[in-house]
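Data block below; observations after.
Only the coordinates and a few stated rules stand behind these numbers; no lab work does. This one's a predicted model, so the numbers in the text were calculated from it and none came from an experiment. Quick reminder, even Gly has a Cβ in these numbers, built from the backbone with ideal geometry, and neighbours come from all protein chains shown.
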């Protein structure tokens with residue numbers, strides 16, 4: 001479980017620049033966990049090193065709360081079953097060769113640089129403090145100044161991340 005956790009330790013950076021498009025959605029979980037017992041949750045504090053805007057933290061929390069409520073989970077700071085942690089990371093650069101045509105004429109190939117980032121949600125058993133579920137989405141990072149559009153991007157990412165929570169029971 002420790003190796004699983006350390007793999008995503010690098011997921012701490014700014015989400016304030018927004019995500020577009022969202023791709024590379026995935027999840028992993030502890031196959032021994034009984035997710036039917038996880039009915040209530042609370043939030044772990046976000047590390048100051050995450051240096052996210054307060055508004056983005058609020059958008060993430062609202063999106064997660066909405067999705068978990070739709071899945072029958074209830075937020076409760078009084079004896080929750082699991083805890084939610086947010087991780088974000090700026091993952092370097094993806095260099096793409098551009099072979100576009102200009103008015104039907106080939107142009108000199110150029111290089112474009114896209115910055116990528118990851119938003120991850122960790123669910124931790126409140127009693128044992130073991131990681132039970134992790135979901136993530138990768139995206140190209142772009143500056144998005146309009147709060148409504150940043151909220152939409154975050155909502156979309158969270159919806160995709162939580163699309164596989166809870167996982168189907170093991171047979």
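Between residue 36 and residue 79, the modelled label-to-label distance comes to 2.1 nm, taking each label 7 Å out from Cα in the direction of the beta carbon. A Förster radius of 25 Å, combined with the Cβ-Cβ distance separating residue 44 from residue 164, puts the computed FRET efficiency at roughly 0.75.
Put a dot 7 Å past the Cα of residue 140, heading toward its Cβ, do the same for residue 127, and the two dots end up 4.7 nm apart.
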